[in-house]
Amino acid sequence: MYPCSNPELTAAVSAAGGIGIMQPISLTYVHGHDYRAGIRLMQRLTDKPIGMNALIEKSSEKYRRRMETWIDIALEEGIRFFVTSLGKPDWVVKRVHAVGGLVYHDVTERKWAQIGLDNGVDGLICVNNRAGGHAGPTATRQLYEELADLNVPLVCAGGIGDSQDFWEALETGYAACQLGTRFIASLECLSSQAYKQAVIDAEASDIVLSERVTGVPVSVINNDYIQRSGTQLHGWQRWMLSGKRSKHWLRLYFALKSIWQLKRASLDESARQNYWQAGKSVAGIHRIDSCEDIVQQLVSRPVP
Ligand SMILES: Cc1cc2nc3c(=O)[nH]c(=O)nc-3n(C[C@H](O)[C@H](O)[C@H](O)COP(=O)(O)O)c2cc1C
């Protein structure tokens, strides 16, 4: 999770029996670690495997080269599980398969799933309409039905706040669940107390989609700040999105703005009203727990 994944959190999720996914920009820019040293820190904190998230959206050559280096270092350091988001993951798959690793691809619709599979991914992270981050348009069960015949493991991403949600997803047929929001309200997450409390206090109906953060809809808590600033793009931004070249510049503007703004929103205790990303799984989140306790609670079957 950009910006909420600090190395202590990622390692704690793996130690607890999940697989913590490291986010390289969060590791370096937000939490200030040298990339390789940050991976080694996680590996000192747990001997269980960790994964890496590679946002591979087609952007500048410079970003692509940086991502290639990050993936290569991750492989050198023994990471073998990768989650790709956006873009065409063929070049990631090639590198990772060469050393026997696995690549799962984030998808919100069948057409992206097909692109992922055509490019060799091993499984799909199925991002539904309850997810934190960039949510998809489709409900949990419907997305499963849309993708079930593709015959690869499907991971449910979105809306999992407690063991009831977790078991429902498995009973639907998903092989596993990917959680974000639940782990913000954890002891090991370094996000501010104000942000964690906002996750605990929010109901599913408090989660709205804002285009103002990255230019595409992102799930955020509907606080005073969001109500004041609105959730829709400005007219000039829509106009820029309609042109091929201007779209590129607008994307760059949002990338730089959101990277800075989300970092501040997550870490700064005084930034009480800001972009607090969270999914509708807030409905099942009522307290801050350790990752160990969160995973134990999730995997315990709910009493009927
Ligand atoms: C604060 C936050 C940041 C996120 N950042 C990323 C990211 O950097 N890359 C990514 O692939 N997904 C990101 N996601 C999406 C999560 O990986 C996951 O799919 C999602 O959180 C699942 O929904 P949930 O929040 O209801 O558990 C983020 C989610 C949240 C809540």
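The values are calculated or read from the model by the stated rules, or taken from the named source; none is laboratory data. Please read these numbers as outputs of a predicted model, since none were measured by experiment. Every residue, glycine as well, gets a Cβ built from its backbone with ideal geometry; the counts of neighbours run over all protein chains shown. Accessible surface areas use protein heavy atoms only, side chains included; no ligands, DNA or RNA. Shrake-Rupley method; radii C 1.70, N 1.55, O 1.52, S 1.80 Å.
Counting Lys and Arg as +1 and Asp and Glu as -1, what is the net charge of the other residues whose Cβ lies under 12 Å from the Cβ of V220?
Net local charge, V220 excluded: 0.
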Contour minus end-to-end for K58 and V303, with contour as 0.36 nm per residue of separation and end-to-end as the Cα-Cα distance?
83.6 nm
Helix runs (DSSP H) in the chain reaching 24 Å along axis by Cα, Kyte-Doolittle at least -1.0:
244-267
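For the pair I200 and K94, what calculated FRET efficiency results from E = 1/(1 + (r/R0)^6), where r is the Cβ-Cβ distance and R0 = 45 Å, to the nearest 0.05? Intermediate results must be reported in sequence, preceding the final value.
Details: r = 43 Å, r/R0 = 0.95.
After rounding, the FRET efficiency stands at 0.60.
Per residue, how much accessible area does the chain show when a 1.4 Å probe rolls over the protein heavy atoms, in square angstrom?
On the way: 14340 Å² over 304 residues.
That works out to 47 Å² per residue.
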Measuring from label point to label point, each 7 Å out along Cα→Cβ, what is the A255 to L241 span in nm?
1.8 nm
Only four residue types carry charge here, +1 at the Cβ of Lys and Arg and -1 at the Cβ of Asp and Glu. Report the dipole size of region 1-146 about the Cα centre in Debye, rounded to the nearest 20.
160 debye
Report, please, the projected area of region 1-92 averaged over directions, based on the convex hull of its C-alpha atoms, in nm².
5.4 nm²
At what distance in angstrom do the alpha carbon centres of region 199-274 and region 1-42 lie from each other?
23 Å
DSSP bridge orientation in the chain - percent antiparallel, rounded to nearest 5:
20 percent
Theoretical ellipticity at 222 nm over the chain - DSSP helices of four or more residues, -39500 (n - 2.57) apiece, nearest 500:
-12500 deg cm²/dmol
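Checking the a/c ratio against 1.5 first, then a/b against b/c, what shape does the Cα gyration tensor give for the chain?
On the way: a/c = 1.18, a/b = 1.03, b/c = 1.15.
Rounded, because the longest to shortest axis ratio a/c is under 1.5.
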In nm, to one decimal, how far is the Q232 label point from the D268 one, both placed 7 Å along Cα→Cβ?
2.8 nm
Between L190 and D149, what FRET efficiency follows from the Cβ-Cβ distance if R0 is 45 Å, with the result rounded to 0.05?
0.60
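Which value, to two decimals, describes the C-alpha radius of gyration of region 183-237 once divided by 2.2 N^0.38 Å? Walk me through the intermediate numbers first.
Numbers: Rg = 12.8 Å, N = 55, 2.2 N^0.38 = 10.1 Å.
My calculation over the Cα atoms of region 183-237 gives 1.27.
Where the accessible area of the chain is counted over protein heavy atoms with a 1.4 Å probe, how much of it, in %, is carbon and sulfur? Could you put the intermediate results ahead of the total?
Numbers: 7570 of 14340 Å².
Using a 1.4 Å probe with all protein chains present, the chain comes out at 53 percent carbon and sulfur.
Where a ≥ b ≥ c are the square roots of the eigenvalues of the C-alpha gyration tensor, would you call region 147-304 rounded, which needs a/c under 1.5, or, failing that, prolate if a/b is larger than b/c, or oblate?
Because a/c hits 1.5 or more and a/b fails to exceed b/c, region 147-304 counts as oblate.
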Using the alpha carbons of region 43-120, what is the convex hull volume per residue in cubic angstrom, as a whole number?
95 Å³
Simple Cβ-charge dipole of the chain, Lys/Arg +1 and Asp/Glu -1, about Cα centre, in debye nearest 20
1300 debye
Per principal axis, descending, Cα span of region 208-262 in whole Å:
34, 22, 15
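Count charges around D90 for me, please; just the other residues with Cβ under 15 Å from its Cβ, Lys/Arg as +1, Asp/Glu as -1. Working shown, then result.
Numbers: positive: K58, R64, K88, K94, R95; negative: E57, E68, D118, D122.
Result for the local shell: +1.
Of K62/K263; K48/K94; K88/K196; K62/K94; K62/K244; K111/K196, which sit over 31 Å apart, Cα to Cα?
Working: K62/K263 22 Å; K48/K94 24 Å; K88/K196 34 Å; K62/K94 20 Å; K62/K244 20 Å; K111/K196 35 Å.
Correct reply: K88/K196; K111/K196.
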